[in-house]
Amino acid sequence: MQKLTNKEEEIMHILWKLEKAFVKEIQAEILEDQPHYNTLSTIVRNLEEKGYVAHKAFGNTHQYYPNVSIEDYRKRFMSSAIDNYFNSSYKSMVSFFAKEEKISADELREILAMIEKPTEEN
C-alpha cells in the first residue's frame with residue numbers, strides 16, 4: 001500500500017463515509033480548500049491506480065468506492081507512525097500521549113482492563 005497525500009486521505013475518509021460516490025458527490029463533502037472538479041477527478045483516479053479505490057461505470061461517468069477498508073488502512077497507518085515516530089515502541093507512544101495530556105489516567109486504566117480481559121470478551 002502506497003502512502004497517501006493529505007488530500008488523498010481526506011478523499012478516502014469521504015469515500016469510507018459515503019461508501020460509494022461520484023466525483024461531484026465527493027466534491028460536495030469537501031468544505032475547505034475545495035479542489036476544481038478536474039483536479040478532484042485526477043486525485044480519485046490516482047487513488048484507483050494506487051489500489052485504494054475502484055469504480056463502477058455508468059456510461060461516461062464513474063461511481064467510486066473504497067477498495068481498502070478503513071480498518072486495514074488504520075492498521076497500516078498506525079504501524080507506520082509507531083515505527084517512524086516511536087521507534088516501534090507502543091510504550092513510548094502511550095507515554096507520549098500521557099505526557100501531552102491527550103490521555104487520562106482513567107483512560108489508561110480502562111485500556112489496562114481491556115488488555116487484561118480474556119480475549120474472547122475483547
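The values are calculated or read from the model by the stated rules, or taken from the named source; none is laboratory data. Fair warning: this is a prediction, and the values are worked out from it, not measured in the lab. Positions of Cβ are backbone-derived with ideal geometry, glycine not excepted, and every protein chain shown enters the neighbour counts.
Overview of results
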| item | result |
| --- | --- |
| Yes/no for Y90 being touching an Asp or Glu at 6+ places or on another chain (Cβ under 9 Å) and either surrounded by 10 or more Cβ atoms within 10 Å (Cβ to Cβ) or not acidic (D, E) (or both) | no |
| Subset tally (residues that are touching a strand residue (DSSP E or B) at 6+ places or on another chain (Cβ under 7 Å) and either surrounded by 18 or more Cβ atoms within 10 Å (Cβ to Cβ) or of a type in the set (V, I, T) (or both)) for region 17-48 | 3 |
| Scan of region 1-16 for residues that are outside any loop (DSSP other than H, G, I, E, B) and surrounded by fewer than 12 Cβ atoms within 10 Å (Cβ to Cβ), ordered by number | N6 |
| Restricting region 49-76 to residues that are under 30 Å from V94 (Cβ atoms) and surrounded by 15 or more Cβ atoms within 10 Å (Cβ to Cβ), the residue that is modelled with the lowest pLDDT | Y73 |
| Leading residue by the ranking (farthest from L112 (Cα to Cα)) among those in region 44-100 that are among the hydroxyl-bearing types (S, T, Y) and part of a helix (DSSP H, G or I) | Y73 |
